[in-house]
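**Q** Sharing a structure here in structure tokens format.
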Amino acid sequence: MYDGKVVLCGANSYEEKYYLNPDFEQLPEAVKEELQIMCVLYVNDVGGILVLAYDEEGNLCFEVSSEEFDPMFDEIGSHLKIKQIQREKQDLLEALQMYYKVFFLGGE
């Protein structure tokens, strides 16, 4: 059904916007709200752009970028914040991976 990378959601500190892929609108409201809070807090803390995307195998990946020569982007803080999110939101992130693998990739 899907080939390559599929974006779940993302936040952009430059445009102050949050995006949720419409293919994931059927997620429970609490999960969608938690994703939004997580992404917006991330870009508010360290700046730049955060995208949560699934790779070809269905693994949920954090993709971070920033505008060139952005003095407000905290690269070290970015790595630390991602580690913190992965630790604190481990259950949510694992559930989202399983959801994608079952409903989008047809896994078991």
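**Q** So what is the relative contact order for segment 6-103, in percent, with contacts set as C-alpha pairs under 8 Å and at least six apart?
**A** 26
**Q** Now for a different question. Subtracting the Cα-Cα distance from 0.36 nm times the residue separation, let me have the gained length for GLN36 to GLU94 in nm, one decimal.
**A** Additional length available on full extension: 19.2 nm.
**Q** Just to be sure I follow the rule: in the chain, considering lysines 8 or more places apart or on different chains, how many pairs have Cα atoms under 20 Å apart?
**A** Counting lysine pairs in the chain gives 9.
**Q** Between GLU75 and GLU57, what is the spin-label point distance in nm, taking each point 7 Å from the Cα along the Cα→C-beta axis?
**A** Placing both labels 7 Å beyond Cα along the Cβ direction yields 2.7 nm.
**Q** Follow-up. Return the tail of the calculated pair distribution for segment 6-103, meaning the percent of Cα-Cα pairs more than 16 Å apart.
**A** 54
**Q** Separate question: Let's test the formula: R0 of 41 Å, r as the Cβ-Cβ distance of ASP23 and GLU67. What FRET efficiency results, to the nearest 0.05?
**A** Working: r = 28 Å, r/R0 = 0.68.
Working from the Cβ atoms, E equals 0.90.
No value in this document is a laboratory result; all are computed from the given coordinates. Everything quoted here is computed from the prediction, not taken from an experiment. A quick note on method: Cβ atoms are made from the backbone with ideal geometry, for glycine too, and the neighbour counts reach across all protein chains shown.
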